[in-house]
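First up is the structure itself, then whatever we jot down about it.
The values are calculated or read from the model by the stated rules, or taken from the named source; none is laboratory data. Being a predicted model, the structure only gives us computed values, none of them experimental. No Cβ is skipped: glycine too gets one built from the backbone with ideal geometry, and neighbour counts run over all protein chains shown.
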Amino acid sequence: MTYDETLAYLYASTPVFQFQGAPAYKPGLDTSIALDNHLNNPHRSFRTIHVAGTNGKGTVCHTLAAILQEAGYRVGLFTSPHLTDFRERIRVNGEMIGKDYVVDFTARHRAFFEPLKPSFFELTSALAFDYFRFAQVDFALIEVGLGGRLDSTNIITPIVSVVTSIGMDHTQFLGNTLPEIAAEKAGIIKSNVPVVVGDLADESLYEIFERKAREMNAPLFRAADRAPLTKAPERPLSPAQRLNERTILSVLHVLAGEHLPPLLSPTIAAGFENVTTLTGLRGRWEVISRQPFTVLDTGHNEEAWRFLPAQIEAACRDNHCKRQILLIGFSEDKDIDPILDRMPPDACYIFTQASLRRALPVATLAAKARKRNLKGDIYPTVAAALQHLQQIATKDDFIFIGGSNFIVADALAHLRIHKICTEQEEI
């Protein structure tokens, strides 16, 4: 099979959460353990850092990878979902896994995994571990797919576990309260393995992690106790993402000594500053144009939207924008009511939906928005929404495109060949 045929086969043969949502979710580790044993336990060939959390997982993984790369290490990076190319999920020093490797892996192992019926994420995790062994990485940053305790990545024994944040998301799988969600994410804590817990909005949630850490005899470090960098680097991340800075610095503190020498501040700063070019990070308050000032952001839950309205307001003020235009869409499994309650009331809205089955119908989104007096136009696809945006945008506007990973993915696919308006810079 060609690469395209192989990818089509994988999508058709395994349940894909990115596209299908709940029907593709397979809790439990039995299948992952079977795949791992079949591959002769590749994850034991390199040091791993395991990262869970409601928001910030991707940013923490990418930034730590960038810093370790700046320090001269060979670094694997496993994240999800992808935006425009499946191979974004699996990288070594920023380079995506080769198409030939994906084809060969599938051909060599399909006779084993077909009867096993793994989910797409279980199979992708196994592929990542196998590839990182082949690539002889020194470290691998492993992002949890969903939750932690029953996530297929939880077969690893990392050198440090990380929980970035706790918020209301994936409640149908993880629980309907913050303590329930925290308990699921605390499931990545391993015996005698240090754990770093990020800045939590609810102070009481720390008790859940402290209790689990005591059970596992795991040293616990609170990112809130770590001072930020004395001189903040000029990095292409949003103010909300900068909340992850202390988490990242705490991880580096834990690693120093046994696993790597203490890193110099210029190395750390360079990792922050160059994270997008070193690792391919996209969609986190990603500025794609200055006129009009245009941002892509994958923030898709209530926790993310605690910060986004203030960021939008600050960006408008700092760039002297006269109008806010928000092109938004969401996934149907998200509770968007608290998100819409936080939306800027005076903005101009363009409501749309992504090109996948999990997308919230745009009519449903618009109806909920109207109840909050959020006014805007309805377009059935992101491409159509962007074409309308191109017609109405001026260089004095602020434009936000987001609401889900999939809105950003559709936008990136469209924006490769189009401009938002005649004044916009090349993307």
Within segment 356-402, take every residue that is under 24 Å from the mean Cα position of the chain (by Cα) and part of a loop (DSSP other than H, G, I, E, B) and give me the one that is nearest to Ala413 (Cα to Cα). Thr381
Matching residues in segment 342-361 (farther than 20 Å from Arg306 by Cα, at pLDDT 95 or above and of a type outside the set (A, V, I, L, M, F, W, C)) number 3
Of all the helices (runs of 4 or more DSSP H) wholly in segment 247-355, which have at least 2 residues that are out of contact with any His (no Cβ under 8 Å at 6 or more places or on another chain) and of a type in the set (A, V, I, L, M, F, W, C)? 265-273, 308-318, 337-341
If you check Arg317, Arg342, Arg306, which single one turns out to be over 26 Å from Leu77 (Cα atoms), touching a residue at least 60 places away in the same chain (Cβ under 8 Å), surrounded by fewer than 19 Cβ atoms within 10 Å (Cβ to Cβ) and among the charged types (D, E, K, R)? Arg306
Looking at (1) at pLDDT below 95; (2) of a type outside the set (Val, Ile, Thr); (3) part of a helix (DSSP H, G or I), can you tell me which one Ala126 breaks? (1)
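Say we look at segment 247-285 and pick out the residues that are charged (D, E, K, R) and surrounded by fewer than 21 Cβ atoms within 10 Å (Cβ to Cβ); which of these is nearest to Val197 (Cα to Cα)?
Looking only at segment 247-285, we keep the residues that are charged (D, E, K, R), and these are 258, 273, 282, 284.
Pick out the ones that are also surrounded by fewer than 21 Cβ atoms within 10 Å (Cβ to Cβ) and you get 258, 273, 282.
Values: Glu258: 20, Glu273: 23, Arg282: 24 Å.
Restricting to residues being charged (D, E, K, R) and surrounded by fewer than 21 Cβ atoms within 10 Å (Cβ to Cβ), the top hit is Glu258.
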Which one of the conditions (1) modelled with pLDDT under 95; (2) among the aromatic types (Phe, Trp, Tyr); (3) not in a helix (DSSP H, G or I) does Phe406 fail to meet, given that it meets all the rest? (3)
The lone condition Asp333 fails out of (1) at pLDDT 90 or above; (2) under 22 Å from the mean Cα position of the chain (by Cα) is (1)
Filter segment 270-304 for residues that are closer than 23 Å to Ala140 by Cβ and aliphatic (A, V, I, L, M); the one that is nearest to the chain's Cα centre (by Cα) is Leu281
